[in-house]
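Below is one structure, written out as structure tokens; comments come after it.
Derivation of every value follows stated rules applied to the coordinates shown; laboratory data play no part. Quick caveat: nothing in here was measured; it's all calculated off a predicted structure. In this analysis, Cβ positions are derived from the backbone assuming ideal geometry, glycine residues included, and neighbour counts consider all displayed protein chains.
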């Protein structure tokens, strides 16, 4: 269902009487108008359904559709240059910065109706019991957009960034130096180290318990580390506390009704496994700052 996740903390939930579906319908997805650069809104997460929210296994599941239209910058700049030359030839003056910006906007508006739109669909779910929002993307901008839109859509919903007492980079550094992780996690064969100046070193399919890495950690910090949670989920943990390259290995459908369809099955597996991973990861990072 998702391959990346950015996690937020739910500080408060709407009242039980709050009509989620009606609220979401107020921002249902509408494609871009001819001269509109971007548009976003809620779509049904379940195929062949019109409901904008699904409640599965106690999780509220949403899908945000983002549509964007882009005009190549070189085309705009070329047309801008031609227009400025025409103005200079006709009037004997060069357009100033403000006039150039206005011309540039006019050119963009004239080209947008012919631009092809691209769409990105992002799955997210609210875990009411665990008190978190999980957004299935590696883009911080898109994840923040969903958190912001959900907060404004659902009256009473308050969302904040996920924080832990121990920073992920600090924990990953300790694990690499000691070649040891907590019981729920195991180090795999990839990591990325980053220096303050931006220099990066990547190790891929490489044993990480080597002195070379320990030596680098004196002047660099781990930007990411490949881990496995309880032998059930492979993932990459980043220093921003995001999860990437999520690969669910276990099957937890045992015990559920046989008539569970493909969407429900995927949702049950993804939400159960990833929620469990996040809960243990937060514990391994010494919990939330307010705990």
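Return 151, 38 ranked ascending by Cβ neighbour count within 10 Å, so the fewest neighbours appear first.
38, 151
Highest mean first, how do 271-282, 109-120 rank when packing is the count of other Cβ atoms within 10 Å averaged over residues?
Ranking, from highest mean packing down: 271-282, 109-120.
With Cα extents along the principal axes in Å in mind, check (i) 95, 47, 35; (ii) 67, 48, 35; (iii) 76, 55, 35 and report the label derived from this structure.
Recomputing Cα extents along the principal axes in Å here gives the entry labelled (iii).
What ranking do 83-92, 212-221 get when scored by the average of other Cβ atoms within 10 Å per residue, highest first?
Ranked from most to least packed, the peptides come out as 212-221, 83-92.
Order by neighbour count: 33, 172, fewest other Cβ atoms within 10 Å first, most last.
33, 172
State the extension gain, in nm to one decimal, for the chain segment bounded by residue 240 and residue 28, taking 0.36 nm per residue of separation less the distance between their alpha-carbons.
Length gained, residue 240 through residue 28: 73.2 nm.
Calculate the spin-label point distance for residue 214 paired with residue 102, positioning each point 7 Å from the Cα along the beta-carbon direction, and give it in nanometres.
Result for the modelled spin labels: 6.8 nm.
Suppose only helical runs count, i.e. DSSP H with n ≥ 4. What mean residue ellipticity at 222 nm does that imply for the chain under -39500 (n - 2.57) per run, divided by all residues and rounded to the nearest 500 deg cm²/dmol?
-10500 deg cm²/dmol
If I model a spin label at residue 279 and residue 148 as a point 7 Å from the Cα along the Cα→Cβ vector, what separation in nanometres do I get?
In this crude spin-label approximation the distance works out to 3.2 nm.
Within 10 Å of each residue's Cβ, count the other Cβ atoms and sort 175, 229 from fewest upward.
Going from least to most buried by this count: 175, 229.
Tell me, in nm to one decimal, what length is gained between residue 177 and residue 38 on full extension, where the rule is 0.36 nm per residue of separation less the Cα-Cα distance?
My answer for the length gained is 45.4 nm.
Using the per-residue mean of other Cβ atoms lying within 10 Å as a proxy for protection, in what order, highest first, do the peptides 237-249, 192-204, 46-58 fall?
So the peptides 237-249, 192-204, 46-58, ranked by packing, come out 237-249, 46-58, 192-204.
With axes computed from alpha carbons, what is the tilt in degrees of helix 262-284 against the longest principal axis of the chain, rounded to the nearest 10 within 0 to 90?
The two axes meet at around 70 degrees.
Report, in degrees rounded to the nearest 10, the 0 to 90 angle that the Cα long axis of helix 97-111 makes with the longest principal axis of the chain.
The helix 97-111 is inclined about 80 degrees to the chain.
To the nearest 0.05, what FRET efficiency results for residue 288 and residue 119 with a Förster distance of 41 Å applied to their C-beta separation?
Efficiency, rounded to the nearest 0.05: 0.70.
Report, in degrees rounded to the nearest 10, the 0 to 90 angle that the Cα long axis of helix 168-178 makes with the longest principal axis of the chain.
Approximately 50 degrees, to the nearest 10.
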